[in-house]
Protein chains: 2
Amino acid sequence: MTKPPPDPSVDLGPLDSFIAFHLRMAQETALRAFITSSSQPDFRPGRFATLMIIRLNPGLSQIDVCRAIGRDKSTISPLITALEKEGLILRESSAKDRRSVTLKLTPAGEKALDALLPLVEGHDQRLDAIVGDAKPELIALLKKLTAGLS
Amino acid sequence: MTKPPPDPSVDLGPLDSFIAFHLRMAQETALRAFITSSSQPDFRPGRFATLMIIRLNPGLSQIDVCRAIGRDKSTISPLITALEKEGLILRESSAKDRRSVTLKLTPAGEKALDALLPLVEGHDQRLDAIVGDAKPELIALLKKLTAGLS
DNA sequence: TATTGTTATACTCTATAACTATA
DNA sequence: TATAGTTATAGAGTATAACAATA
């Protein structure tokens with residue numbers, strides 16, 4: 001059976017006034033909606049975010065990517081390896097620090113990212129439509145939470 | 001190595017204006033902060049939410065719990081089994097529908113939940129302090145997202 | 001036929017720890 | 001000593017599918 005939709009008829013008590021609870025519900029629901037709507041089996045938010053960050057910050061290292069998206073280096077390693085195998089990114093060892101690598105997109109990577117962008121934008125427009133004018137404030141609050149809890 | 005803190009110096013481009021991205025960052029950060037601060041190995045948000053919902057809605061079935069927290073029944077089953085084994089909840093088969101069970105807390109379950117509550121409240125007060133007056137609006141927006149995407 | 005609950009299984013995401021190589 | 005990256009491994013958390021019992 002599939003995951004049932006949330007049922008507001010149940011009394012949530014204090015849960016209903018917890019930011020953390022609603023944060024989780026919204027995030028999970030949004031992720032699920034995204035996966036369903038994209039229907040691209042090989043396409044997960046982490047892939048997109050990584051490609052985008054590399055495009056915008058060519059030459060950064062893996063550890064920089066980790067910091068940007070808040071993951072450990074061991075989490076990023078296999079993803080980077082996969083993207084390289086698929087010919088979407090290039091790794092060169094850094095001249096300055098030979099422990100680290102510099103990352104950039106290949107032309108194929110640029111193309112792949114361009115193809116994904118409308119998909120992601122389409123999804124986020126659904127979210128935009130739901131929150132309406134409050135979007136800037138919502139994003140500001142979410143950023144404050146992320147920063148304030150780090 | 002540990003997960004590094006988010007680094008705002010990286011250019012996120014369009015990512016920075018995606019609700020979904022910040023939703024994910026905030027939720028993950030909040031979860032991590034919660035686990036760190038509670039430092040109760042056996043205590044995870046899902047356990048707390050389940051106990052609380054059963055307290056407030058005694059007599060509901062497992063499928064009702066699933067709907068309330070947006071999980072599949074196969075996800076809830078082992079959790080309910082564990083809570084019963086620990087003597088925190090009681091299951092009786094429903095008189096009305098013998099396929100389903102009715103759930104309620106035992107006295108030990110009430111006590112366990114009471115012990116957990118301050119921990120959870122303490123954590124959410126951290127979030128409250130960060131968002132300040134905007135809390136009601138934030139929760140309203142998150143609920144709208146959850147409802148609108150279901 | 002549909003639903004409640006269980007179970008087996010698998011998948012995704014994540015981190016820790018131990019390692020190499022460099023700094 | 002500390003950091004960048006790899007790899008092996010393990011642990012949450014989740015769902016799908018098949019099933020039994022019941023509706």
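The values are calculated or read from the model by the stated rules, or taken from the named source; none is laboratory data. Since the structure is predicted, the reported quantities are computational estimates derived from the model, not experimental observations. Methodologically, a virtual Cβ is constructed for each residue, glycine included, from the backbone with ideal geometry; neighbour enumeration extends over all protein chains shown.
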Flag for A:Arg47 being crowded, with 18+ Cβ neighbours inside 10 Å and outside any loop (DSSP other than H, G, I, E, B): yes
Top-ranked residue in region A:50-60 [being surrounded by fewer than 20 Cβ atoms within 10 Å (Cβ to Cβ) and not in a helix (DSSP H, G or I); ranked as nearest to the other protein chains (Cβ to nearest Cβ)]: A:Asn57
Output for region B:97-150, where each listed residue is small (Gly, Ala, Ser) and more than 16 Å from DNA strand C (Cβ to nearest atom): B:Ala108, B:Gly109, B:Ala112, B:Ala115, B:Gly122, B:Ala129, B:Gly132, B:Ala134, B:Ala140, B:Ala147, B:Gly148, B:Ser150
Condition check for B:Leu142: surrounded by 15 or more Cβ atoms within 10 Å (Cβ to Cβ), within 22 Å of B:Ala30 (Cα to Cα) and without any contact (Cβ under 8 Å) to a residue 40 or more places away in the chain: yes
Leading residue by the ranking (nearest to the chain's Cα centre (by Cα)) among those in region B:46-96 that are within 12 Å of DNA strand C (Cβ to nearest atom) and small (Gly, Ala, Ser): B:Ala68
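Regarding A:Ala134, is this residue within 9 Å of chain B (Cβ to nearest Cβ) and exposed (fewer than 15 other Cβ atoms within 10 Å of the Cβ)? Step through it out loud before you land on a result.
Details: within 9 Å of chain B (Cβ to nearest Cβ): yes; exposed (fewer than 15 other Cβ atoms within 10 Å of the Cβ): no.
For A:Ala134, the condition - within 9 Å of chain B (Cβ to nearest Cβ) and exposed (fewer than 15 other Cβ atoms within 10 Å of the Cβ) - is not met.
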Filter result for B:Asp124 (touching a Cys at 6+ places or on another chain (Cβ under 8 Å), at the interface with chain A (Cβ under 7 Å from one of its Cβ atoms) and closer than 21 Å to B:Gln27 by Cα): no
Test result for A:Arg32, buried (at least 17 other Cβ atoms within 10 Å of the Cβ), in contact (Cβ under 8 Å) with a residue 12 or more places away in the chain and in a helix (DSSP H, G or I): no
Some residue of region A:75-96 being at pLDDT 95 or above, touching a Cys at 6+ places or on another chain (Cβ under 9 Å) and outside any loop (DSSP other than H, G, I, E, B): yes
Qualifying residue in region B:82-104 (condition: within 12 Å of chain A (Cβ to nearest Cβ), free of Cβ contacts under 8 Å to residues at least 12 places away in the same chain and either farther than 30 Å from A:Leu138 by Cα or out of contact with any Lys or Arg (no Cβ under 9 Å at 6 or more places or on another chain) (or both)): no
Meets criteria (at the interface with chain B (Cβ under 7 Å from one of its Cβ atoms), part of a helix (DSSP H, G or I) and more than 26 Å from A:Arg32 (Cβ to Cβ)) for A:Gly109: no
